[in-house]
Structure formats: structure tokens, C-alpha cells
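The values are calculated or read from the model by the stated rules, or taken from the named source; none is laboratory data. Model, not experiment: these values are computed from the prediction. Ideal geometry is used to build each Cβ from the backbone, glycine not excepted, and the neighbour counts take in all protein chains shown. The area values use the complete protein model at the heavy-atom level, side chains included, leaving out ligands, DNA and RNA. Shrake-Rupley method; radii C 1.70, N 1.55, O 1.52, S 1.80 Å.
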Amino acid sequence: MASNTKNNEIKLEEEILLEEIKTRIIKKLPEEVKLANIEFEGPEVVIYTKNPDIIADNGDLIRTLAKDLRKRIIIRSDKSVLLDKEETIAKIEEIVPEDAQITNIQFDKVTNEVVIEAVKPGLVIGKFGVTSREIVRNTGWAPKILRTPPIPSEIIGRIRNTTLNNSKDRKKFLHKLGARIHGRKHENDWVRLTAMGGFKEVGRSCMLLQTPNSRVLLDCGVNVAGRDDKSSYPVLNAPEFRIEDLDAVVLSHAHLDHCGFIPYLYHYGYEGPVYCTTATRDLSVLLQMDYIDIAHRENKKLDFNSVDVKEMIKHTITLDYGEVTDISTDIKLTLHNAGHILGSAMCHLHIGDGSHNMLYTGDFKYERSRLLEPATTRFPRVESCVMESTYGGHEDITPSRNNAEKELMKTIYKTIKRGGKVIVPVFAVGRAQELMIVLEEYMRHGMLDEVPIHLDGMIWEATAVHTARPEFLSKDLRDQIFHQGRNPFIAESFNKVQNNAEREQIVEGEPCVILSTSGMLTGGNSVEYFKWLCEDPRNTMVFVGYQSEGSLGRRIQRGHKEFPLEDRDGKTKVYKVNMEIKTIEGFSGHSNRRQLMEFAKRLHPRPDKIITCHGDPYKTVDLASSIHRSYKIETKTPLILDAVRLQ
């Protein structure tokens, strides 16, 4: 009874506060605005108007309101002024240049948006947004403009359809979230962080940020090389964690050790948002579905399924880099480029009225790669920083990217010359695309003989996402795609492997390069290629990424020569390693020791405290002690279940 009374009081308090915000907005609107409604949709305040010309002609209005209210403001047309769908399509085709190559037009009657997919979305937007504003002026519908992937993408299509088909449910969720976010906050005099996975270890990254008002989970991953449930998943039975109290999940990037366990939260009752970039949403869904598929094929039990991934899609709120967003009553989130994989983000959390600012780096690369720009180092304020330390040991000095590329080409050349095949186990996201760009360039310039390059596992679909989200790619790569008319991802030398019959032809056929998942040989087709190719000394296996403790890849890397594994008939067979085993450092999406130290040095402003995570125990401690000695910054290296007071 007392609980119901308290809940009713909180609800009434929220309603009063929301009415106060609406009143402030109405006072600031110009007289000519014919107001239909004001709604709170998640972190956004949406103003519905009966004169769409206001949206098209008064761009400063939104910026002024957002600045005054310190809220994200969106203005949309009321249903009563929307043009008929068929007339709208005709009007869009009249307004938008043919060169834009529109491939699909759909309508979201819940949000009053028209979803326009085009090969060249920039032409639908127009210079300074003039074309999209013309669409609003003539139809009333707010255009949501999407890129048609150059490589057809099943996962992007599924996400777009799920979002559109569940628009009504999503709006209800956003209304409920809006009331919670914009509700009244209480005094904020402490900030606390609990390590729930990924501290003094690599895998199952997860931490809980608490204030008197909020509970936010930063990442929620799985350890794909874990031996059992205790080592595979975050410790969610910590006394301070309850799913029903969780305000938000913030996802730094799409690798499974950061996103793989988020569907579990929805399976067990979480109904709140996940915040991440658009590319991270797309790639995390891809990898989660693949993880579920592999588990089913290998008869491994998972505590979640594809239905829970769908729930995650419905509850995900995507953000651009640099976009400031309220995620609870007292926390604002801004995502910044991390340079690790497509869409990877450093998460800046502005807590209270700025009394504390925390930066969570996620995985990051403080060096420009062929694929991405280097990680950001400048922020408005930073009092504490949680920083990855994968290669934090003083011995982790990797060769330059240029030398790594040359070493890879030399290895491929020698293997092909002796009639062998090169198998490279790779992560579907990041390393695969980096290698594709390198191989395509060396072959195009004649520095490597043209040989077939076979892409197996989720690599092709992940590459399709990269082609759909070029805004996250490096400036050089964007220049190639948009200005030089050359997209290295769709070069003729790449072959998508689609079935076992093709795999058998590849294994029995001519010399070639095979890029296959998983990157640590913890499952997937890379293990099958290993079994097929390992006993022939002409072949080579090249490791270009991190191999987690306990994984098959780590054991091969360490020189083990015999492995009892299941053959095609399900019987155990001992496979002998006669093939050449090569590890080439320098392709990693993580910063090496020198780059980690340089990042800590360049981080501006300099934090009062740095907490190291995502690294083997020795490397985590080694990096923390070196930062403390060199820069006189307080450092901590928590264990799982340790809690650190940040303020």
C-alpha cells in the first residue's frame, strides 16, 4: 500500500514537471505557430504543429528552443495537415533529383515521418537541407533519409522493418521513458562505479554506474572463450544490481564481449533503452544473431533468443558523435569516436549539474587506420576515466601498420608460391574490413599477385553495414568512395562463401586467401578451415588479432601441435599442426602500450583518476602504475565486484 502511494506521488510529481516544461515551450513559440501537441519521446521533446512551413522555414527556432531548455527538440507536422501517401510519393519524386536513385519510400503514421531510402541520400537532403525542407513544405511529412547499402544487407533490412512495424509500441516506450528522463531529480552528492565484468580480464565487459537518482549499465558482454557460466557472463547477481531499477544501458561498440549479453536483460524483464551509434546497433544485432545461431548449431544453451534481440532493436536509441542527450534525470551522455571499429564510441557522462564528469573509453585505437580516424582526446570536462588496457604491458610495443602490412604480404606471397593456402581467423567486424582494404590496394597496384580472397562467416554482412554507414569511416576512405568513385569493399577479387560445397571446393582448389570467423577459433567456420588445412605444411595460418586465454587460437599461437576435435561425423579426431603458424602484430583495433600512454598524456582535460579495465591482470596493473608514475594521476585497478566511489 505504502509502495503504491509512493509511486502515485512520483507519477504526480512527474506530470507537474512535464506540464511546467510544456508551459515554458509554449511561451517561447512564435505566435504564428499553430500548436497541436507537445510530447516527450524519450530524451526528445516533440512539438506537433499544424503549419509545416514553420519547420521548413525556421531552422533557428529548434536551435533556440534546444539551447534555452537544454533539451533535444524536434518539430513535426500534425496528422491533420499531412498530404495523402500517393500524392506525397509523387511530390517527392518531383522534388528530389533522379540522380539520388530513390529505392524505397515508406510511411510511419505514428511519428508522421516518411522514410526515404536512396543510393545518394545527400541529394535527398540537398545543400544545407534545402531539398528535405521542400519535402516538408509540400507534404507535411518529416523526411527520414536512409542510405541504400551498395551491398544488400539482410540485417539492415530486418532492423528497418522491425523499427517501422513496431512504431506504435516504440512510441509508447518513448513516452514512458520521456516521463522518467524529464522527471524531477533529487540532490546528487555521490557517484559510484561497480565492476561486473571485464576488470583484470578481457571479455564480458560490464559496469554499473550509480547516483542517488540513476542506475546505468555501461556495456554488457560475453566472454566467448569462457569455460562456464561463471566465467562467460557478467556478475549480474551483485547486491546493488536489479534489472527493474535500471534506467539505461550505454553500449560502447558492437563486439560480443561488450554487447553479447544485452538480450539477456530483455529476456528477464528489462524494458528500458540502449544508447549507441547507428552502426553499433546494426553490427551488434548482426553479431548477437550469429552468436545465437552458432550456439544452436553446437547445442549450447543460451538464456536468451532472437525474440530478445528484437526487443533490443525496439528499445535502442541511436546517437551521432557529439550529440548531447539526457539518459536519466541527472546524467547526460555524449558519444565520441573511439577509432576501434565502425561506430565505436567513447562514452562521456555529465553527471548532476556537472559536479562529476566520467569518461568510459570502451576499446579504442589512438592511431589513424585505413578504416577509421584515431580516438578523440579532447572533452569539455573529465574528472574520472575508465580506460581499456588490452595491450597495457610494457612489452606490448607493436610494429608500425606499414611494417605489418609488408609482413602479411610477404607471408601470403611465400605461401602462394609453394602452392599453399592462407587462412586468417578474423573478427567479422573491424579486422576483416581492414584486411580487405589492404589486400585490395596491394593487388590493385600490382604489389601482390591477384589470387582469390574468400570471405566466410559474417564478414560479408558486416561489410555491407560498413558500406551503408560510410559517415563513420576515415576521411581517406570516404574520399575514395564519394569523390574517386572507387569502393574497395566491392572489388571483384572478393568472393562471398555461401555453403559447405563452396568450402570444399576452396579447400581442394587453387592457392588462395581465406578470411573467416571466428577470430579466436572459438567456433564458426574458421575452426573447420583449421581442421581441413592444418596438416598440410604448405598452408599458413596468420593471427592478426587478440587471442583470449583459453581459446583454441591462443593454444595454437603458443605452439601446441595436437588438438582432439570433432570431425564431420561427430567423432573425436586428433588433428596435427603441420601448417606454418604466424602472428602479425600491428593490425589490432586496440592501442598498443605506447599509444595508451600517449592517450593518457594527451587526454584533455587531465582527469583526477584513471581506472584501468579490459586487460590481463598484469597488463592492467602495469599500465595503471606507469600512468601514475609518469603523469601523477591517481589510478585504480579494481577486481570483479569491487566498487569505486568516483565522487
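How do 314-320, 167-173, 335-341 rank on mean C-beta neighbours within 10 Å, highest first?
Going by the mean number of other Cβ atoms within 10 Å, highest first, we get 335-341, 314-320, 167-173.
Can you tell me the convex hull volume per residue for the chain, based on C-alpha atoms, in Å³ to the nearest whole number?
158 Å³
Give, in nm to one decimal, the length gained when the segment between LYS406 and ASP229 is fully stretched (0.36 nm per residue of separation minus the Cα-Cα distance).
59.6 nm
What FRET efficiency comes out for the pair LYS172/ARG70, r = Cβ-Cβ distance, R0 = 35 Å, nearest 0.05?
Approximately 0.85, to the nearest 0.05.
Cross-link partners among lysines for LYS310, C-alpha distance below 22 Å, same-chain residues fewer than 8 apart left out?
Qualifying lysines at Cα under 22 Å: LYS109, LYS144, LYS168, LYS171, LYS172, LYS176, LYS300, LYS301.
Compute the relative contact order of segment 325-470 as a whole-number percentage, counting only Cα pairs closer than 8 Å that sit 6 or more residues apart in sequence.
It comes to 17 percent, rounded to a whole number.
In whole Hz, what ³J(HN,Hα) sequence does segment 533-543 give by Karplus (6.51, -1.76, 1.60; θ = phi - 60°), x for Gly and Pro?
9, 5, 8, 9, x, 6, 8, 9, 10, 10, 8
Quick one: what are the phi-derived ³J(HN,Hα) couplings along segment 549-565, Karplus 6.51/-1.76/1.60 with θ = phi - 60°, whole Hz, x for glycine and proline?
Values per residue, Gly and Pro as x: 4, x, 7, 4, x, 5, 5, 5, 4, 7, x, 4, 10, 9, 9, x, 9 Hz.
Would you list which lysines come within 29 Å of LYS410, measuring only between C-alpha atoms, while excluding same-chain residues fewer than 8 positions from it?
LYS365, LYS421, LYS475, LYS496, LYS531, LYS561, LYS576, LYS582
Could you derive backbone 3J(HN,Hα) for segment 496-501 from the dihedral phi with the Karplus parameters 6.51, -1.76 and 1.60 (θ = phi - 60°), listing whole Hz in sequence and x where the residue is Gly or Pro?
Once θ is set to phi - 60°, the couplings for segment 496-501 become 7, 7, 10, 7, 5, 4 Hz.
At a 1.4 Å probe radius, carbon and sulfur cover how many percent of the accessible area of the chain?
The C+S portion of the solvent-accessible surface of the chain is 47 percent.
When only alpha-carbon atoms count, how far does segment 142-294 stretch along each of its three principal axes, as whole angstroms with the largest first?
47, 44, 23
Give me the accessible area of MET196, 1.4 Å probe, in Å² rounded to the nearest 10.
For MET196, the solvent-accessible surface is approximately 0 Å².
Okay, which of segment 537-555 sit inside 18 Å, backbone N to the point 7 Å along the Cα-Cβ direction of LYS573?
Correct set: 537-539.
Figure the gain on full extension for ASP479 and ASP320 (residue separation times 0.36 nm, minus the Cα-Cα span) and round it to one decimal in nm.
Working: separation 159, 0.36 × 159 = 57.24 nm, distance 2.04 nm.
Contour length minus the Cα-Cα distance gives 55.2 nm.
Ranking request for peptides 96-109, 256-269: highest mean number of other beta-carbon atoms within 10 Å first, then the rest in descending order.
Top to bottom by mean Cβ count within 10 Å: 256-269, 96-109.
Pop the C-beta distance of GLU535 and ASN305 into the FRET formula with R0 = 30 Å and round what comes out to the nearest 0.05.
0.20
Taking the simple approach of a point 7 Å from Cα along Cα-to-Cβ for both ASN165 and SER355, what is their distance in nm?
4.7 nm
For the chain, report the accessible area per residue in Å² (1.4 Å probe, heavy atoms, rounded to an integer).
About 42 Å² of surface per residue is accessible.
Calculate the FRET efficiency for THR23 and GLU244 from the Cβ-Cβ distance with a Förster distance of 30 Å, rounded to the nearest 0.05. Don't skip to the answer; put the middle values down first.
On the way: r = 32 Å, r/R0 = 1.07.
After rounding, the FRET efficiency stands at 0.40.
Can you list which of the GluC sites (Glu not before Pro) found in segment 364-404 are DSSP loop residues with at most 15 other C-beta atoms within 10 Å?
Within segment 364-404, the qualifying GluC sites (Glu not before Pro) (loop, at most 15 other Cβ atoms within 10 Å) are GLU395.
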